[in-house]
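Heads up: the structure comes next, in C-alpha cells.
What follows draws every value from the coordinates through simple rules; no lab data is involved. Just so it is clear, the model here is predicted, and its values are computed rather than measured. In this analysis, Cβ positions are derived from the backbone assuming ideal geometry, glycine residues included, and neighbour counts consider all displayed protein chains.
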Amino acid sequence: MDLRLFGVALAGACVAQSVSAAIVVTNNSTIWNAQVAAGGMTVETETFNAIADGFYSSPFGGSTASVVWSASAAGGLAVEGGVFSTTWSNVALTFTFSPGVRAVAGNFFGTKTDFRNAEVYFAVALSNGTTYEGYADSPGDFTGFRSTTSETISQITITVENATGTQFVYPSVDNLYFGVPAPGAVALLGAAGLIGYRRRR
C-alpha cells in the first residue's frame, strides 16, 4: 500500500478506515478493554520485553498464554527496549497468530533508524481485508480492533510512511493485545456469584 496517496488527507483528518460491518475500530484503550470484557473475553498481552535487543531472521515467533504469534518482514526484524520493528525501512511488518482472535490491538507507530519515535502515517490491514489508516507519533498511540461476529482475526500487517517526508521510518509495535475467550469454568462460576477472586495473569 502506498501511504503517500492518503498522507495529505490524513494530516487534517488524522484517521480513516475502510467499511467493514464486522469490525469495530477504536483508538481508546479503555473502550476497547470494556468491549472485550463485554464480549466474554480476557486480554493477553505480548510486551516483547523478554526478547533481547538485536536483529532477528524472519520469521520470528513467540506466544502468550493461549496465542502463538509469528512476525515477518522482508530483510529481517529488529528489537530494542521492548519495541518490535523491522530491519529495513519502508517494508511491511506482519504478525500472524493462532488461533485467530475476535479482538486484537496494539501500540502501532514508527521509529527512525536509531529507534527514536517518528511522526508517521500508518496503515493496519487485517486478515479479512479490513484496513485502518491513522497518524502516530509515540509508542503510546493505541489502535484496537474487535469483531462483532464469530469471524476471527488471524493476521495484521503494519506499514508506515514518514509524516514529515524527511527520514526513513520503520513500522514498530510496542505491545500486542489479544482478546481471548474467558476460561469457561471461571466465567460460569463468576456469573453464578460463586467465586470471589481472580487469577493474576
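Odds and ends about this structure:
- Members of the stretch 162-172 that are in a strand (DSSP E or B) and buried (at least 22 other Cβ atoms within 10 Å of the Cβ): Tyr170, Pro171, Ser172
- Within the stretch 108-133, considering residues that are small (Gly, Ala, Ser), under 28 Å from Met41 (Cα atoms) and touching a strand residue (DSSP E or B) at 6+ places or on another chain (Cβ under 6 Å), the one surrounded by the most Cβ atoms within 10 Å (Cβ to Cβ): Ala123
- Qualifying residue in the stretch 113-121 (condition: of a type outside the set (Phe, Trp, Tyr) and touching a Leu at 6+ places or on another chain (Cβ under 9 Å)): yes
- The number of residues in the stretch 126-148 being more than 12 Å from the chain's Cα centre (by Cα), within 17 Å of Trp32 (Cβ to Cβ) and either hydrophobic (A, V, I, L, M, F, W, C) or outside any loop (DSSP other than H, G, I, E, B) (or both) comes to 3.
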